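This report concerns only the one structure given below.
Derivation of every value follows stated rules applied to the coordinates shown; laboratory data play no part. None of these values were measured; they are calculated from a predicted model. Every residue, glycine as well, gets a Cβ built from its backbone with ideal geometry; the counts of neighbours run over all protein chains shown.
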Amino acid sequence: MPEVTECRHDWRRDEIVALFNTPFMDLMFQAQSVHRQHFNPNEVQVSTLCSIKTGACPEDCAYCPQSARYDTGLEKEQLMKVQAVVDEAKAAKEAGATRFCMGAAWRSPKNRDMPYVTDMVRQVKALGLETCMTLGMLKDEQAQELADAGLDYYNHNLDTSPEYYGEIITTRTYQDRLETLDRVRKSGMKICAGGIVGMGENDTDRAGLLQQLANLPQHPESVPINMLVRVAGTPLAENEDLDPFDFIRTIAVARILMPKSYVRLSAGREDMNDEMQAMAFLAGANSIFYGEKLLTTPNPKANKDMQLFERLNLQPEKFETENDDEAEQANIEHAIREQENKAYFYDATQTAVGQ
Ligand code: SF4
C-alpha cells in the first residue's frame, strides 16, 4: 500500500513549480496514486449550474462576459424569481445532478437581496440537493445568513496567482477575496475556490494560485479549475491557445496538493475533446458541471457527458452527505442514462465563473 498522503498547508512555491516540471507520465502516475487513496477513481460528482442573475456586473474581470465594462452582447437580466430557480433545481435533480449551484453577477449581494437568495437556498435544499452559491464578496453577517439558511458551499475563486492578479482584475484585491473565503469558513460553510488557466499566466503563476489554495488553513472542499473561454468583447478574447497538457498538469498538481478536495473540471469543457477530459479525470479531476451552459459559456450537453461516462465506465457520485438510499441512487443513475434520449437543458443563460 502506498503511504497515505497528508494534507499539507505549508507548500513552498519552488516545490510546486518542481511538480509542474515533473515528467508528464510521472506526474500523472503520482496524481492518480494520490487520487486513489481518497476517492473512488471511477466516480465523478455531478453539479448543475444556474445563473440566477445575469450580466451588468460592475467588476472588471478581464475574462468575464458579464462585466458591464465589455461589450459582449450579453443581455442583462434581473434576479430570477425564487420559484423559477426551484423549478430549474427540480429539473436538474431529475437529470441526475446532486448539487445545484446558483450564481449571480454581483460585486457583492445587497442586503435587500438576501431574503430572496436565502429562500432559494432553503427551497432547493428541501428538494434533497446540495446547494452552492456564488454571489461575490460577502460581509460577515451575509455569510452567516447563508450558512443559517443551510447553504452547503460558497464559491469564490482566487482566479490566479497574487502576482498575476493585477493583470486580470483591478476592482477588488486579492486580499478582498481571501477575506471573503475566511468569512465563509468561519460561518461553517464549505468552500469552493479555484482559478482559471490560460489567461496568459505562466507555470509559476499556476503554482502560485495552487499554493494559495493549498496553504489556506483548511483546503477548499471543492477546487474548480477552469480553462479560459475566450469570449469576444472581453480583453482576453485574443489570448493565445493554451497547451492542453499545461491544463492537465494544473489538475494533477491540484490533486497532489489537495488530496481530499474535489477537483472540478469547470469552464472550458466545451473546448475539450473526450480524450482530454478522460486525461483530466486520470489526473484527479472528479467533479463536473453538466447542462447546456456553464453560466455564460457553452458547456457540453448533458447527454454527451453521459455518453462519455458510459464510454469510460464512470459513475456519477452518490450524494455524499445524506443519501444512503440505494433506490434513490438507482433513480439518479437511470435519469442520467435517459439523457441520451431526452435533451435536457437547464438554460442557465449567463453569469460567471470567477466570483
Ligand atoms: S467574474 Fe464575477 S465579479 Fe468578475 S465581472 Fe464576472 S460576474 Fe462580475
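Peptides 39-48, 280-289 ordered by packing proxy, namely the average of other Cβ atoms within 10 Å per residue, highest first: 280-289, 39-48. Give me Rg/Rg_expected for segment 1-51, where Rg uses Cα atoms only and Rg_expected = 2.2 N^0.38 Å with N residues. Expressed relative to 2.2 N^0.38 Å, the Cα Rg reads 1.48.
Most tightly packed first, judged by the mean number of other beta-carbon atoms within 10 Å of their residues, the peptides 24-37, 113-126, 195-208 read 195-208, 113-126, 24-37.
Applying Stokes-Einstein at 4 °C and 1.567 mPa s to the Kirkwood radius of segment 181-222, computed over alpha-carbon pairs, gives a translational diffusion coefficient of 115 µm² s⁻¹. At an R0 of 25 angstrom, the distance between the Cβ atoms of M114 and K90 translates into a FRET efficiency of 0.60. Can you give the local net charge around Y116? Use residues other than it whose beta-carbon is closer than 13 angstrom to its beta-carbon, Lys and Arg +1, Asp and Glu -1. Local charge sum for Y116: +2.
Kirkwood radius and radius of gyration were both taken over the C-alpha atoms of segment 55-213, and their ratio Rg/Rh is 0.97. One quarter of the convex hull surface built on the alpha carbon atoms of segment 125-255 amounts to 8.9 nm², the projected area averaged over directions. Per the Debye formula on identical point scatterers at the alpha carbon atoms of segment 90-138, with no solvent, log10 I(q)/I(0) at q = 0.21, 0.26 Å⁻¹ is -0.73, -0.97. For the residue pairs K90/K260; K90/K318; K76/K139, alpha carbon separations beyond 20 Å are given by K90/K260; K76/K139.
Local charge for I16 was computed over the other residues whose Cβ lies under 15 Å away, with Lys and Arg +1 and Asp and Glu -1, and equals -2.
At 1.002 mPa s and 20 °C, plugging the Kirkwood radius over alpha-carbon pairs of segment 218-285 into Stokes-Einstein gives what diffusion coefficient in µm²/s? Estimated diffusion coefficient is 170 µm²/s. In vacuum, with every alpha carbon of segment 1-144 counted as one equal point scatterer, what does the Debye formula give for log10 I(q)/I(0) at q = 0.13, 0.20, 0.21 Å⁻¹? Two decimals, please. So the normalised log intensities work out to -0.84, -1.10, -1.14.
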